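Single-structure report; data block below.
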């Protein structure tokens, strides 16, 4: 009896040790000590903005990664704009074609968007730069920032962005007369005449208020209205005194009925952004 009892105790003990060993081995497989990076790639994404002034307008930005094969959204991250760019690093599936979509909003309105794609190898580190395009109509000055010396000349261009059926544009550029002086101006006709119409200069001169320059142009006939983006006019300034100065844009037709953008039905195009530029005179 004592022998049988000892045999039973030994059997139970061996069985318990065997079960514990199996459980420990199973847990070691299920709970790795380091994160699983198999079939992953690290993407350093940079989103570039066309204008510094957007930082004061935009309220949110996102970057969404989508599987190109079935349009499944894999992840979405929030971005923070620093000057003219936003950056983030994402761990994404490798060996798959992925779309990276950056979206910038003012409230709930999509203002800019940019899309790019790539397929990375497992364990690879890649850089991706996404350039943003306007999703709303805008009038911008370029270059967005320029450094010049006292006495230098500087060309500033008035540009339309993402317009639809544009026929008439009235823009007022506001500048500091202590820093800059207008030398000359001319129309840039390629964009407005791309559909066969004739670009007409209605006003292209300094305004009655010092420090203003008015550009009012139309394309005739209205059936040759233009869409998309392009240059409208060039203003040549001379730098007078050292310092930093901002050029701004006014499109407010309630203040001046000649200002604003109009379509081929003579209807005012709503919600147009106006973005100026900065000049640093040394």
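Here are the numbers:
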quantity: Whole-Å semi-axes of the ellipsoid equivalent to region 86-146 (Cα gyration tensor, √5λ, descending); calculated: 29, 14, 10
quantity: Relative contact order computed over the chain (Cα-Cα under 8 Å; 6+ residues apart), in percent; calculated: 18 percent
quantity: Exposure proxy ranking, count of Cβ atoms within 10 Å, fewest first, for 277, 229, 208; calculated: 208, 229, 277
quantity: Length released on extending from residue 87 to residue 229, taking residue separation times 0.36 nm less the Cα-Cα span; calculated: 48.5 nm
quantity: Stretch gain in nm, segment residue 55-residue 256, where the contour uses 0.36 nm per residue and the Cα spacing is subtracted; calculated: 69.6 nm
quantity: Relative contact order for region 138-281, counting Cα pairs under 8 Å that sit 6 or more residues apart, in percent; calculated: 39 percent
quantity: Relative contact order of region 180-238, pairs being alpha-carbon contacts under 8 Å that are 6 or more residues apart, as %; calculated: 50 percent
quantity: 5 Å-binned pair-distance histogram of region 109-176 (Cα, whole percent); calculated: 3, 10, 16, 16, 14, 13, 11, 8, 5, 3, 2, 0
quantity: Cut-off 20 Å, label 7 Å out along Cα→Cβ of residue 145, residues of region 43-58 by amide N; calculated: 46-58
quantity: Beta bridge orientation in region 40-134: antiparallel %, DSSP, nearest 5; calculated: 85 percent
quantity: Hull shadow area, averaged, region 183-237 [alpha-carbon convex hull, nm²]; calculated: 4.1 nm²
quantity: Cα-based shape type of region 138-281, given that a ≥ b ≥ c are square roots of the gyration tensor eigenvalues and the cut on a/c is 1.5; calculated: prolate
quantity: Angle between the chain longest axis and helix 2-30 axis [Cα atoms, degrees, rounded to 10]; calculated: 10 degrees
quantity: For mean projected area of the Cα convex hull in nm², calculated from these coordinates, the label among [x] 16.3; [y] 20.2; [z] 24.2; calculated: [z]
quantity: Antiparallel %, DSSP beta bridges [both residues in the chain], to 5; calculated: 85 percent
quantity: Extended-chain gain in nm, criterion 0.36 nm per residue less alpha-carbon gap, residue 129 and residue 68; calculated: 20.1 nm
quantity: Backbone N within region 139-162 under 11 Å of label point (7 Å from residue 183 Cα along the Cβ vector); calculated: 151-156
quantity: Cβ-Cβ FRET estimate between residue 267 and residue 152, R0 fixed at 41 Å, reported to 0.05; calculated: 0.50
quantity: In Å, descending, principal axis extents of the Cα set of region 36-162; calculated: 60, 33, 21
quantity: Residue 109 versus residue 244: modelled label distance in nm, points set 7 Å from Cα along the beta carbon direction; calculated: 2.7 nm
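Taken together, the values in this text are just the output of simple stated rules run on the coordinates, not laboratory data. What you are looking at is a predicted structure, and each value in this text was computed from that prediction instead of being measured. Because the Cβ atoms are built from the backbone with ideal geometry, glycine has one as well, and the counts that use them run over all protein chains shown.
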